[in-house]
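Here is the structure we will look at, set down as structure tokens.
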Amino acid sequence: MRAKTVIVIGGPTASGKTALAIEAAIALNTEIISADSRQCYKELKIGVARPSDFELSRRPHHFIASHSIFDDVNAAIFESYALKKLDDIFKTADVAVVVGGTGLYLKALLDGLDELPQVGKEVRQSIADNYRQNGLKWLQEAVSKKDPMFWKTAEQQNPARLLRALELLETTGMPMQQLRQGTKKQRPFQALCFSIDMDREALYQNINKRVDNMMADGLQAEAEGLFRHQHLQALQTVGYAELFSFFRGETDLPSAVAAIKQNTRRYAKRQQTWFKNSGSYRRLSAENIRVAIREWAATSNES
């Protein structure tokens, strides 16, 4: 019996992961699991670059519009969800495709999550109160000063990640790097991991063009419809937070759009760093990943 295999296609935002994953899933006659921490929310579409209806129709997708912004979604929930979906897929196929750029979600699926200390209610409440009173900027400054190593690769617009890091630091006195033991869990599949390696200037051009297209497609109206829920953690993310600032009268629209582009470029840079520092990923161009998957498929079929 052939070993069950997960082909992971990672990389920064706007690098072409979606198209490559669909192409691979069609060639391998299998299904796709998204490892994106924002595309799972059904209320978010344009601002998270959710695959189009046509793209979604080409192969079955999972963890796309599967949850609500009112749900508690995190890496542990994704781990459980994805493992169950893989179990279902492997009942009829020997391979599945996982695609996304959320490094923590990919790590959770492939290696499992570290067992972290419990955070006391008083610590959590104190930090939460400070965040509510002082906002995201306070939270970002606190994490960057107290845990600069974590800050370098953190999702800096994601308060849930930052709150968790600050809670653990206050509880243990140790930075996240020391708390991450790196103990891998055993998985009933092997993983073939790729990340799209792309020239940074070309990637930034893709990002700028994507943001312009999002605005043309109605991102402002989408964000306006979500403005009343701006306090939710799911909406503290690039593409929405900047427009919320415009709606509050804190900036003008051109500046908000420029901020979306800048913050997306910064996020993409951190993603590139994460994949570069993760030794399990082969960093190749999209075309070379296509070739590598075809070669793997041919060899696998022969065995």
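Would you confirm whether any residue within the stretch 125-143 is buried (at least 16 other Cβ atoms within 10 Å of the Cβ), more than 30 Å from Ser15 (Cβ to Cβ), of a type in the set (A, V, I, L, M, F, W, C) and out of contact with any strand residue (DSSP E or B) (no Cβ under 6 Å at 6 or more places or on another chain)?
Yes, there is a match, as at least one residue in the stretch 125-143 is buried (at least 16 other Cβ atoms within 10 Å of the Cβ), more than 30 Å from Ser15 (Cβ to Cβ), of a type in the set (A, V, I, L, M, F, W, C) and out of contact with any strand residue (DSSP E or B) (no Cβ under 6 Å at 6 or more places or on another chain).
Output the residues belonging to the stretch 48-73 that are closer than 18 Å to Leu86 by Cβ and among the hydroxyl-bearing types (Ser, Thr, Tyr).
Ser66, the sole residue that qualifies.
For Met215, work out the one condition from (1) open to solvent by 40 Å² or more (accessible area, probe 1.4 Å); (2) farther than 18 Å from Arg50 by Cβ; (3) of a type outside the set (Val, Ile, Thr); (4) part of a helix (DSSP H, G or I) it doesn't fulfil.
Only one criterion is unmet by Met215, namely (2).
Name the residues in the stretch 218-235 that are of a type outside the set (A, V, I, L, M, F, W, C) and open to solvent by 30 Å² or more (accessible area, probe 1.4 Å), would you?
Gln220, Glu222, Glu224, Gly225, Arg228, His229, Gln230, His231, Gln233, listed by residue number.
For Ala82, work out the one condition from (1) touching a residue at least 40 places away in the same chain (Cβ under 8 Å); (2) over 15 Å from the mean Cα position of the chain (by Cα) it doesn't fulfil.
Failing condition for Ala82: (2).
Scanning the stretch 47-63 for residues that are within 19 Å of Ala14 (Cα to Cα) and surrounded by fewer than 19 Cβ atoms within 10 Å (Cβ to Cβ), which turns out farthest from the chain's Cα centre (by Cα)?
Selected residue: Phe54.
Kindly list, by first and then second residue, each pair from a residue in the stretch 183-199 that is of a type in the set (D, E, K, R) to a residue that is in a loop (DSSP other than H, G, I, E, B) and open to solvent by 40 Å² or more (accessible area, probe 1.4 Å), limited to pairs with Cβ atoms under 8 Å and residues at least 6 apart or on different chains.
Cβ pairs passing all conditions: Asp197/Ser285.
Per-residue answers, yes or no, for (1) surrounded by fewer than 19 Cβ atoms within 10 Å (Cβ to Cβ); (2) in contact (Cβ under 8 Å) with a residue 12 or more places away in the chain; (3) acidic (Asp, Glu); (4) closer than 23 Å to Val48 by Cβ:
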position	(1), (2), (3), (4)
Tyr240	no, yes, no, yes
Arg248	yes, no, no, yes
Gln262	yes, no, no, yes
Ala268	no, yes, no, yes
Ser280	yes, yes, no, no
Trp296	yes, yes, no, no
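Just to check your reading of the model, which residue among Ser52, Ser34 is among the small types (Gly, Ala, Ser) and in contact (Cβ under 8 Å) with a residue 12 or more places away in the chain?
Sole residue among the options that is among the small types (Gly, Ala, Ser) and in contact (Cβ under 8 Å) with a residue 12 or more places away in the chain: Ser34.
Please count how many residues of the stretch 86-106 are without any contact (Cβ under 8 Å) to a residue 60 or more places away in the chain and open to solvent by less than 50 Å² (accessible area, probe 1.4 Å).
Final tally of qualifying residues: 1.
List the number of the failed condition for Pro254; all other conditions in (1) touching a Pro at 6+ places or on another chain (Cβ under 6 Å); (2) exposed (fewer than 14 other Cβ atoms within 10 Å of the Cβ) hold.
Condition not satisfied by Pro254: (1).
Is it true that some residue in the stretch 182-193 is of a type in the set (A, V, I, L, M) and open to solvent by 80 Å² or more (accessible area, probe 1.4 Å)?
Scanning the stretch 182-193 turns up no residue that is of a type in the set (A, V, I, L, M) and open to solvent by 80 Å² or more (accessible area, probe 1.4 Å).
Tell me, which residue of the stretch 194-212 that is aliphatic (A, V, I, L, M) and assigned to a helix (DSSP H, G or I) is surrounded by the fewest Cβ atoms within 10 Å (Cβ to Cβ)?
Ala202
Within the stretch 276-301, track down each residue that is within 22 Å of the chain's Cα centre (by Cα) and modelled with pLDDT under 95.
Listed by number, the residues that qualify are Lys276, Asn277, Ser278, Gly279, Ser280.
The values are calculated or read from the model by the stated rules, or taken from the named source; none is laboratory data. On a predicted model such as this, the values are computed, not experimentally measured, just so you know. When we count neighbours, we look across all protein chains shown, and the Cβ atoms used for this are built from the backbone with ideal geometry, even at glycine. Only protein heavy atoms, including side chains, enter the accessible area calculation; ligands, DNA and RNA are left aside. Shrake-Rupley method; radii C 1.70, N 1.55, O 1.52, S 1.80 Å.
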